Amino acid sequence: MRLLPPKPFYYEGGERAVLLLHSFTSNPNDMKKLGRYLQHNQYSCYAPTLSGHGLPPEDLLSYGPSDWWQDVLDGYQLLQDKGFKQIAVVGLSLGGVLALKTAQELQINGVVTLSVPMDKEAAVLKKRIVYYAKRYKQLEGKEDKQIASEMSELEHLPFESLTDFEQLINRTRDHLTSIVSPVCVMYGELDDPSYKTSAEKIFESVTSDQKTIKGFAHSKHLMTLGKDMNDINQDILTFLNELKW
């Protein structure tokens, strides 16, 4: 069975725009409930599909941070082309790293990060790819023998993009002090403890006058769809409403 790649979405809501960036090996569907919530509260939202995501794992490995950054730039430009002069960014995991990079390099009104890694080795990222690959092939309806064969072949593919991803995280972390836009940092207390450490690093390093940090007791990594989702949506809305637009 051929799986259809997830599409980006745009929700027209109001004169203020929010760029929503999804996580590694995931897709914009993770941001849809947040997007609808913000739309109902007078924010327009756009969520791009980061290159390679939603495609077979062999294809995902052919893309990397330079492609994902271009996706962010294109999404930012799309919102500008629609006439938005006021743009905030919300990012989950990889999307959060890109959101911080956006705050470092572009003009934005505020940034929200969820489950953001500030220290992640390529070997750990490879495990994510392997998990994604097996799950993807199962969803395609392939038999176990074929999956095992394809997984073995996957091991021989180049994984340079994951080293580039690790370097993206390191560069972004090293330039956190350049961020002066308002920042809201969130992490799940049921996630790997390294994400709390990363959240604290971000909070302590950015030089924003307006910044907050909060852990959510019932959240794992995918915070936008977890048990604390409603509280998280409300906190993001409160943060956005308090920005100087």
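Remarks
- Residues located in the range 66-85, provided they are touching a Lys or Arg at 6+ places or on another chain (Cβ under 9 Å) and either over 19 Å from Gly110 (Cα atoms) or surrounded by 19 or more Cβ atoms within 10 Å (Cβ to Cβ) (or both): Val72
- Restricting the range 217-245 to residues that are in a loop (DSSP other than H, G, I, E, B) and aliphatic (A, V, I, L, M), the residue that is least open to solvent (accessible area, probe 1.4 Å) is Leu243.
- Test: residue in the range 131-150 that is part of a helix (DSSP H, G or I) and in contact with a Ser or Thr (Cβ under 6 Å, 6 or more places away or on another chain): yes
- Among the residues examined, Thr172 does not qualify as within 30 Å of Lys244 (Cβ to Cβ) and open to solvent by 60 Å² or more (accessible area, probe 1.4 Å).
- Pairs where the first residue, in the range 1-17, is under 27 Å from Asn109 (Cβ atoms) and in a strand (DSSP E or B) and the second is open to solvent by 70 Å² or more (accessible area, probe 1.4 Å) and at pLDDT 95 or above, C-beta under 7 Å, 6+ apart: Phe9/Lys32; Tyr11/Arg36
- Any hit, the range 96-119, residues being acidic (Asp, Glu), assigned to a loop (DSSP other than H, G, I, E, B) and in contact (Cβ under 8 Å) with a residue 40 or more places away in the chain: yes
- Any chance Lys32 is under 16 Å from the mean Cα position of the chain (by Cα) and either of a type in the set (S, T, N, Q) or modelled with pLDDT of 95 or more (or both): yes
- Whichever residue in the range 1-22 is within 22 Å of Trp69 (Cα to Cα) and modelled with pLDDT under 95 and, among such residues, is surrounded by the most Cβ atoms within 10 Å (Cβ to Cβ): Pro6
- Residue in the range 189-209 that is touching a His at 6+ places or on another chain (Cβ under 6 Å) and either under 21 Å from Ser51 (Cα atoms) or outside any helix (DSSP H, G or I) (or both) present: yes
The values are calculated or read from the model by the stated rules, or taken from the named source; none is laboratory data. Note that the structure is predicted; figures quoted are calculated from it, not measured. No Cβ is skipped: glycine too gets one built from the backbone with ideal geometry, and neighbour counts run over all protein chains shown. Each accessible area value is taken on the protein alone, full model and side chains, heavy atoms only, with ligands, DNA and RNA left out. Shrake-Rupley method; radii C 1.70, N 1.55, O 1.52, S 1.80 Å.
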